[in-house]
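Notes follow once the structure below has been shown.
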Amino acid sequence: MMLRKLQAWWYARCRKIDMEVLWPSCKAQARDLDHAKAAFAIHAFNNPAWMFLGRDAVRRFIDDLR
């Protein structure tokens, strides 16, 4: 149980870094928001920190990105 909590904390931290660093970079380099979301999705759907939330939650999260 403690390991799961530590893993959840670590993954949340990793996702926060992605949102602070990777997402702005995706937006800056993509030609539009849809392409930025697609680039971010490639990362998220192949990353344990994001997959920890489940595919549906990640899909909803990416859909809501602005």
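Every number here is computed from the coordinates shown, using simple stated rules; none is lab data. Every value quoted in this text rests on a predicted model; they were computed, and no experiment measured them. Backbone-built Cβ (ideal geometry, glycine too); neighbour counts: all protein chains shown.
Among the numbered criteria (1) surrounded by 10 or more Cβ atoms within 10 Å (Cβ to Cβ); (2) within 13 Å of ILE62 (Cα to Cα), which one does LYS16 miss?
Of the numbered conditions (1) surrounded by 10 or more Cβ atoms within 10 Å (Cβ to Cβ); (2) within 13 Å of ILE62 (Cα to Cα), the odd one out for LYS16 is (2).
Which of the residues belonging to the stretch 22-42 are surrounded by 12 or more Cβ atoms within 10 Å (Cβ to Cβ) and either of a type in the set (S, T, N, Q) or in contact with an Asp or Glu (Cβ under 7 Å, 6 or more places away or on another chain) (or both)?
Residue satisfying the conditions is SER25 alone.
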